[in-house]
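The block underneath contains the structure these notes are about, expressed in structure tokens.
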Amino acid sequence: MSADNILTPEYARNMRIIGHSDQGGRADGVQIMVSGGYAYIGHVFSGGFTVVDVRDPANPKFVKHIPQPDRTWSQHLQTHGDLLLIVNMKDMLQDEKVNQGEYYSGSIGDKVDISGADKSYSAGMRVFNIEDRANPREIGFMPLDGLGVHRIWYTGGQWAYISALPPGFSDDIFIIVDMSDPTNPKPVSRLWLPGMNTEAGEKPNWDPKYRYALHHAIVKDDLACGAWRDGGLTTIDVSDRYNPKLIAHRNFAPPFAGGTHNALPLLDRNLLVVVEEAVFDNCEDGIKRNWIFDIQEPGNPVSISTLPIPDEIDYVKKGGQFGPHNIHENRPESFQSSEIMFVTYQNAGMRVYDIKDPFRPVEIAALVPPAPAKLMDYRPNRPLVVDTTDVFVDEDGLIYCTDSNAGLYIMEMENL
């Protein structure tokens, strides 16, 4: 694909592409963080993570790829200040017993050995010093028995918040980590949904076809808002980091499709934006939505609206996955707004919403990048379509989007 074609979107409204990187040939990207003019990108198929110099956003430059241990996922990461935290988890695509459908259906703890006997992968969280932004230097590792860490929330200071599956549980739970010594992080507390602690004899009260597992929690002040896939959402009091307490649990699957992925609190407006994840092609897992909840009473979250679903073409028939995946999470050291939301929509690209009126949110910009030239996804029979995966918006309003096959796109909005 020529440079001109790479920068020519399939569809655009009030947005344009200004730069692209194939990430040194490892064009599969999942979570992205930008710090000090450098992007850090986790991979789902290539393993490890990649550093890209984005100081000139029109000409991003590959710097280096940093591998992680064999058979280990490291697709999610966090930066703050001079620290980079990255997950280590069993690579489920390399597990012969778990295919794509089985990973998203039912409890993972029922399908794989999480006792610690399997030493073929690394499980835990790695800490890198990025004072020299181009050259991350590993300074710490927190091993964690079980499947490993799926995702992290860290915005500096003493506490990090992870989702992980330790032995004795059915799936990923909420764990708080003490980061006071970054070279030696230590888990200090846990919280789970009733029914997940199998070692203690708890029994799930949900249909076994559903997956109740914490994707991750976003923490603002002393409130953690958790997204539990088919288990819905929770509000959690973390004022005592050694003893987190469940405030409320809301689940709307069924009747809706489930797959809760992000729960972004906007505390200045007493709102919560909840993003679901589409995981199967052609909407076989149902239509996934983005919801707005009123959380002026955190013990009683109330759904008040959903964000518009892209409809300029029939994205279900386009092929691949149609539906949301991630939202820009209003991190420190990034663009922050309680009115403008940036959501990746997989085969429907990047979507931007104005929620000034939370009862009537509107789409104000969109961009669908071109199809990738080739697939990084090595699974059979995958469609050659765009899969916009994650988004980070910097303090200047530049939008950095990853694709699971097509690399990094840097975009800008008109009149942001």
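A few points about this structure:
- Taken as Cα centroids, segment 355-373 and segment 240-266 sit 24 Å apart, rounded to the nearest whole angstrom.
- Counting only residues at least eight positions apart within a chain, or on another chain, the aspartates and glutamates with an alpha carbon under 14 Å from that of LYS203 are ASP110, ASP171.
- Placing +1 on each Lys and Arg Cβ and -1 on each Asp and Glu Cβ, with no other charges, gives segment 3-413 a dipole about its Cα centre of roughly 360 debye.
- When the chain is described by a simple charge dipole with +1 on each Lys and Arg Cβ and -1 on each Asp and Glu Cβ, the residue from VAL343, SER107, LEU246 located farthest towards its positive end is SER107.
- Stokes-Einstein diffusion coefficient of segment 156-255, Kirkwood radius over Cα pairs, 10 °C, 1.306 mPa s, in µm²/s: 114
- Cut-off 10 Å between beta-carbons: net charge of the residues surrounding ASP354, Lys and Arg +1, Asp and Glu -1: -1
- Checking every one of the GluC sites (Glu not before Pro) in segment 199-296 against DSSP loop status and a limit of 12 other Cβ atoms within 10 Å picks out GLU284.
- Applying 0.36 nm per residue to the separation of GLU414 and GLU102 and subtracting their alpha-carbon distance, the gain on full extension is 108.2 nm.
- Backbone N within segment 62-98 under 12 Å of label point (7 Å from ILE139 Cα along the Cβ vector): 80-85
- Counting neighbouring beta carbons within 10 Å and listing from fewest to most, the residues THR198, THR389 come out as THR198, THR389.
- Across the options PRO358, GLN68, ILE218, the greatest Cα extent toward the positive end of the charge dipole of the chain (unit charges at beta carbon of Lys, Arg, Asp, Glu) belongs to GLN68.
- Orientation-averaged projection of segment 105-177 equals 6.1 nm² [convex hull of Cα atoms, one quarter of hull surface area].
- Where labels lie 7 Å past Cα in the beta-carbon direction, separation of LYS317 and ASN270 in nm: 4.5
- Each label point was placed 7 Å from the Cα along the Cα-to-Cβ direction; for ASP132 and LEU93 their separation is 3.1 nm.
- Positive minus negative residues near GLN336 (Lys, Arg vs Asp, Glu; Cβ under 13 Å): -4
- Here is the P(r) of segment 1-111: all C-alpha pair distances, binned every 5 Å from 0, give 2, 11, 17, 18, 17, 13, 11, 7, 3, 0 in whole percents.
- Considering segment 273-330, its Cα convex hull presents a mean projected area of 4.9 nm².
- Peptides 60-73, 228-241, 294-307, 37-50 ranked from most to least packed give 37-50, 228-241, 60-73, 294-307, packing being the mean of other C-beta atoms within 10 angstrom over each peptide's residues.
- Residues of segment 50-92 with amide N under 14 Å of a point placed 7 Å along Cα→Cβ from ASP221: none
- Sorted by Cβ neighbour density within 10 Å, fewest at the top, the residues SER105, SER74, SER122: SER105, SER122, SER74
- Kirkwood hydrodynamic radius (C-alpha pairs) into Stokes-Einstein, segment 275-416, 4 °C and 1.567 mPa s, D in µm²/s: 82
- Rg ratio for the chain: its Cα radius of gyration over 2.2 N^0.38 Å, N being its residue count, equals 0.90.
- The relative contact order of the chain, computed from alpha carbon pairs under 8 Å that lie at least 6 residues apart in sequence, is 15 percent.
- For GLU414, the shell of other residues with beta-carbons less than 12 Å away shows a net charge of +1, using +1 for Lys and Arg and -1 for Asp and Glu.
- By average C-beta atoms within 10 angstrom, highest first, the peptides 21-29, 343-351: 343-351, 21-29
- Segment 123-147 and segment 6-48: distance between their alpha carbon centers, rounded to Å: 22
Rule-based calculations on the coordinates, nothing more; no lab input. Given the structure is predicted, the values throughout are model-derived calculations rather than measurements. Counting neighbours? That spans all protein chains shown, and the Cβs are built from the backbone with ideal geometry, glycine included.
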